[in-house]
Amino acid sequence: MIPFWDYWHILATTGLAILVASLAAVVYCVTVHPLAKFPGPRSAAASGLFVFYHDVFVGGKLHLELQRLHNLYGPIVRIGPNELHICRPEAYDQVYRVGSKATKWSCQRRTEISLFFSRQSVLALEDVLSRPILKLHARLLTAAAAQTSQPEVIPLERAYRCVSLDSVSEISFGRSFDFMAKKDFGKPMHESVEDSLRTICTIRHFPLLVPVFNNIPLWLMRLAGDKLSAVRMMKEFSQQAAQSALESTSDNSARTIITEIVNANKTRGTTVNRQRLEDESLSLIAASADTVGNALTVATYHLLKPENEDILRKLEEELKGALPTNSLICPRYDELSDLPWLTAVVKEALRMSYGLVGRLPRVVPEAGMVVLGQHIPASSVVSMSAYLQHNDLAVFPEPGRFQPQRWLGQEEKQKTNLNRYMVGFGKGSHNCVGSTMAYSIIYKTLATIHLSFELKVEGDITDEDMQYEDRFLGLHAKGSRRLAVSVRRVY
Ligand code: HEM
């Protein structure tokens, strides 16, 4: 038997060894690591704790810290032992053209679903995309018609999220969540999504916990009550849809993402398991709800600011001129996609809502790469952030001001440049597969709402409230005021 003091001896020796190894790793990272020549705070070069601290402890503010670091150190900053963050608009194409190992979707998986998102398919899904917009229109009509002394206040930010949640759930699962039909537009569900996103941002720093979080059984989620209600509901929907697609023998079932993947596999003679179908459909919901909702919210918030009255009037005039009267209420995407002022408003809203606020990491391939004249060695991680790109003063002067006109009336060359620097949908082989669908939902919703109603902002919401935290998707800070409106007039 080992004497008691020997346990302490073993423990102390192990502790000392770990300490010495950690110190050696820190010294190596700061002095001789291949990225040691790049500028940045020592604490970031030494360990991953720097990013963890800003991401988790400060909470969703890493993009602001990155902005500060770039002002201090220049366009390439080392933000982790093996990671560089880059901030220079012309570098975006270089970084995201490079093949990434940090993929979420294999090429084959992307091919299976990408047909579903072609412009032709999106136009064919016109009815599905219009349904939630028409329901929102009907609710605003009711609110406008109510003869009460206190006008009904519509939580428009929440309603806007429902527009994409309801249509993308129908496209994914074959049945809609139908939050638009709920009196509070599914308030507990939206709160639960926000809580889950904050949790996920912490959990992604502990890769071993990710599968545990992803596989919490439904019965345990039920015990957690409202906190996990959103995740639970989405899981239930996806499980049922995956099960029925796998069991279905008919070729005539409604075309959904899930049936699309099942059929692609049948054609190839391969099989697909239920888990994969669930994951695919849930990713789509996650990818679409807040991104689309944020772009719509940013657009309407700025259009309703008193100083932007002329921008709103121009939009109304353009819509009235382009759409035949009485064609009402939810125009088709192909009637809208060429309207210049609406297009400029949508682009400006996408710029100011960022898509994914924070950094999108890519792994440098074997040959290494040269960015801004600097060689970056293989296997390093490089990342850029839409937040910094879209606030670049040289490309987008006065970035905090909503100026759709910046997308119009310039030299053709300049316009091309602006489009090149707009990265809300990402770039390269892993850019957003759903961008056409997103555009369709955004154009149709803005046209429907701003053509038919005069809205008035309720409450004292400010630009401060509209700032986004980087919770992978853009979330407003806890306790911030959200866009809510009353409906004043119907055209
Ligand atoms: C304004 C709306 C949207 C924005 C700004 C947006 C933005 C993005 C961005 C930046 C990425 C790239 C992520 C990366 O590089 O890791 C992405 C990926 C993706 N998005 Fe979107 N998205 C939007 C709406 C949608 C919609 C409506 C759908 C589908 C219904 C969708 C489906 C996807 C999918 C499947 C991916 C993964 C693609 C891949 O990794 O190959 N998105 N999105």
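For the stretch 377-405, enumerate the residues that are part of a helix (DSSP H, G or I) and in contact with a strand residue (DSSP E or B) (Cβ under 9 Å, 6 or more places away or on another chain).
Answer for the stretch 377-405, where residues must be part of a helix (DSSP H, G or I) and in contact with a strand residue (DSSP E or B) (Cβ under 9 Å, 6 or more places away or on another chain): Ala386, Tyr387, Leu388.
Output the number of residues of the stretch 253-280 satisfying the condition of being open to solvent by 70 Å² or more (accessible area, probe 1.4 Å), part of a loop (DSSP other than H, G, I, E, B) and β-branched (Val, Ile, Thr).
Number of matching residues: 1.
For the stretch 281-301, how many residues meet the condition of being more than 14 Å from the chain's Cα centre (by Cα) and open to solvent by 10 Å² or more (accessible area, probe 1.4 Å)?
Result for the stretch 281-301: 1.
If you take the residues of the stretch 201-221 that are part of a helix (DSSP H, G or I) and open to solvent by 70 Å² or more (accessible area, probe 1.4 Å), which of them is farthest from His476 (Cα to Cα)?
Trp219
Identify, from the list Val77, Val30, Val26, the residue that is within 30 Å of Asn419 (Cβ to Cβ) and either part of a helix (DSSP H, G or I) or touching a residue at least 24 places away in the same chain (Cβ under 8 Å) (or both).
The match here is Val77.
Under 6 Å by Cβ, and 6 or more places apart or on different chains, what pairs join a residue from the stretch 420-437 that is closer than 14 Å to Pro89 by Cβ with one that is near the ligand (Cβ under 6 Å from one of its atoms) and in a loop (DSSP other than H, G, I, E, B)?
Close Cβ pairs satisfying both conditions: Gly424/Gly355.
With the condition kept exactly as written, say whether any residue in the stretch 358-370 is small (Gly, Ala, Ser), within 15 Å of the ligand (Cβ to nearest atom) and over 25 Å from Thr300 (Cβ atoms).
There is no residue in the stretch 358-370 that is small (Gly, Ala, Ser), within 15 Å of the ligand (Cβ to nearest atom) and over 25 Å from Thr300 (Cβ atoms).
Can you confirm whether Leu408 is modelled with pLDDT under 95 and under 17 Å from Leu336 (Cβ atoms)?
When the stated conditions are applied, Leu408 passes them.
Looking only at strands (runs of 3 or more DSSP E) that fall completely inside the stretch 446-491, which ones have 3 or more residues that are more than 23 Å from the chain's Cα centre (by Cα)?
The strands (runs of 3 or more DSSP E) meeting that bar are 453-458, 484-490.
For the stretch 371-388, name all the residues that are open to solvent by 10 Å² or more (accessible area, probe 1.4 Å) and either more than 24 Å from Lys37 (Cα to Cα) or in contact with a Leu (Cβ under 6 Å, 6 or more places away or on another chain) (or both).
Tyr387
Exactly one of these conditions fails for Glu170: (1) modelled with pLDDT of 85 or more; (2) within 16 Å of the ligand (Cβ to nearest atom); (3) open to solvent by less than 40 Å² (accessible area, probe 1.4 Å); (4) not hydroxyl-bearing (Ser, Thr, Tyr). Give me its number.
All conditions pass for Glu170, except number (3).
Let me confirm something: among Asp460, Asp470, which residue is modelled with pLDDT under 95 and within 16 Å of the ligand (Cβ to nearest atom)?
On inspection, the qualifying residue turns out to be Asp470.
Do we find a residue being farther than 30 Å from Leu473 by Cα, of a type outside the set (Val, Ile, Thr) and open to solvent by 40 Å² or more (accessible area, probe 1.4 Å) anywhere in the stretch 36-54?
Looking through the stretch 36-54, at least one residue is farther than 30 Å from Leu473 by Cα, of a type outside the set (Val, Ile, Thr) and open to solvent by 40 Å² or more (accessible area, probe 1.4 Å).
I'm trying to understand the selection: among the residues of the stretch 348-370, which are surrounded by fewer than 21 Cβ atoms within 10 Å (Cβ to Cβ) and either of a type in the set (Asp, Glu) or touching a helix residue (DSSP H, G or I) at 6+ places or on another chain (Cβ under 6 Å) (or both)?
Selection gives Glu366 alone.
Cβ contacts < 7 Å: first residue modelled with pLDDT of 95 or more, restricted to the stretch 336-363; second residue near the ligand (Cβ under 9 Å from one of its atoms) and in a loop (DSSP other than H, G, I, E, B), any location; separation 6+ or different chain. Result?
Leu350/Gly424; Arg351/Gly424; Tyr354/Gly424
Checking the condition within 16 Å of the ligand (Cβ to nearest atom), of a type in the set (Lys, Arg) and either at pLDDT below 90 or over 26 Å from Lys320 (Cβ atoms) (or both), which residue from Lys415, Lys478, Lys427, Lys444 passes?
Within the list Lys415, Lys478, Lys427, Lys444, the selection yields Lys427.
Among the residues of the stretch 295-307, are any over 16 Å from Leu446 (Cα atoms) and not basic (Lys, Arg)?
The answer is yes; a qualifying residue exists.
Quick check on the stretch 253-266. Is at least one of its residues within 15 Å of the ligand (Cβ to nearest atom) and of a type in the set (Asp, Glu)?
Yes.
The values are calculated or read from the model by the stated rules, or taken from the named source; none is laboratory data. The structure displayed is predicted, hence computed values, not measured ones. Here Cβ is always computed from backbone atoms with ideal geometry, including for glycine, and neighbour counts include all displayed protein chains. Remember, those area values only see protein heavy atoms, side chains included, never the ligands or the DNA or RNA. Shrake-Rupley method; radii C 1.70, N 1.55, O 1.52, S 1.80 Å.
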